[in-house]
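As structure tokens, the structure follows; a few thoughts come after it.
The values are calculated or read from the model by the stated rules, or taken from the named source; none is laboratory data. Nothing here was measured: the structure is a model prediction, and the numbers come from that model. Positions of Cβ are generated from backbone atoms using ideal geometry, with glycine treated the same way; all protein chains shown enter the neighbour counts.
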Amino acid sequence: MTSDLFTVTLEKLTYGGEAMGRLPDGRAVFVPFALPGEQVCVRLVEEKRGHARAELMEVRVPSPERIAPRCKHFGACGGCHYQHMPYAVQLRAKESILCDQLQRIGCIESPPLRPIVPSPQEWHYRNHVQFHLSDEGKLGFVAAGNVATVIPISECHLPEAPLNDLWPQLAFDPGLNLDRVSLRLGVEGEMMLVLESPSPEPPELEIEADASVVHLYGEDAVVLAGEDSLAIAVKACQGLPSREFRVSAASFFQVNTPMAAEMANCLLTILPVSPITILLDVYCGVGLFGAFFAPRVGRVIGIESSSSACGDFVVNLDEFDNVELYEAPAEGVLPALDVRPDIVIVDPPRAGLDRRVVDGILALAPKTLAYVSCDPSTLARDAARLIAGGYRLVQVTPFDLFPQTYHIESVSLFEKV
């Protein structure tokens, strides 16, 4: 670490929530909470041979697009990255960043990018919020630029209103053996408090809250009060019918429910299904996409490694007789499949597709592949592998599931050449 100060003019936003400029020696420098065109004073906090990272000390010449952030914790808390720019500017930035990642990492000269689908709510859109605890037992988030520090908070503008009403009432004793404290919101306003710890023994505490309370150790859930799951409703969206999903404490579900509906509707629109289609749903989770396709295709085959999500998948798609489920890692299932799917949907975690998964998909050679991504850089990497394996990228639609942050969700359509 260095204490040197530099004045830098910033050129563009990059993936990760930072703006890039150039140091006097020509190295790229990445600065959080800044905007293109701004002249800023920065202090270097990390130096590499080809680039550096810096802390924003002062905005000397602000961008005309800079606005005052809504939250007093912005800049110290690492949860938000874009509160200093209007929502329309955030959307343009995300389109540009996704395009840049596909060009630079995926070597796709002219990515077939469609306009970004905005979130209907810029604030208070999260049905799920995860806190860390400070040394004093206060709820907070990881500090910007320092994952070892927790910033206690007194306000947050991202959770849905019922969650925002509840979390300030929660108090914990210092020194509790908890990794994270999560709150989730269900369809009827029911709430679930999830206590994640590295120990199988539930923490000793008293919580007076109108919510289910679940202790989570890995995927082992112990109900301390109420229920072990809640229902989340994906409401009708254009041609998409309404549907409820059971979601257990250890299961993943998209945090922006209206945008989950938008992505499901996008898949229904772009994928050429028929009553004889065989659809392979890889990383199928609790069945968000499979449940909407099951009435429209001949066969749905899900692959999911999370036992909790698999349990929810079985409940959520129980009404269908044309659905199968493999509870195992995708890289282990794909080479052993004795069926040739017409369409494959993949919805991997942030790390993207394991190379063995890509090889498995290429061996199955489906006519159509839909890639649901939450990370443009790993999408771009995997797109290059799929294109080299004989696929053509037809279109990419970004979705803004996470306003005020740098995160970019997208749905990409590939066709076999």
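Here are some notes:
- If you go through segment 343-384 and keep only what is farther than 19 Å from residue 99 by Cβ and surrounded by fewer than 20 Cβ atoms within 10 Å (Cβ to Cβ), you end up with 349, 350, 351, 354, 355, 356, 359, 362, 363, 364, 365, 367.
- Members of segment 316-330 found to be closer than 14 Å to residue 289 by Cα, among the aliphatic types (A, V, I, L, M) and touching a residue at least 40 places away in the same chain (Cβ under 8 Å), listed by number: 325
- Subset of segment 357-395 [assigned to a loop (DSSP other than H, G, I, E, B) and farther than 18 Å from residue 284 by Cα]: 365, 367, 389, 390
- Scope segment 29-75; condition among the small types (Gly, Ala, Ser) and either closer than 24 Å to residue 143 by Cβ or exposed (fewer than 15 other Cβ atoms within 10 Å of the Cβ) (or both); matching residues: 34, 50, 52, 54, 68, 75
- Qualifying position, being in contact (Cβ under 8 Å) with a residue 40 or more places away in the chain and not polar (S, T, N, Q), among 345, 303: 345
- Listed here are the strands (runs of 3 or more DSSP E) enclosed by segment 113-213 that have at least 3 residues being surrounded by fewer than 16 Cβ atoms within 10 Å (Cβ to Cβ) and modelled with pLDDT of 95 or more, and there are none.
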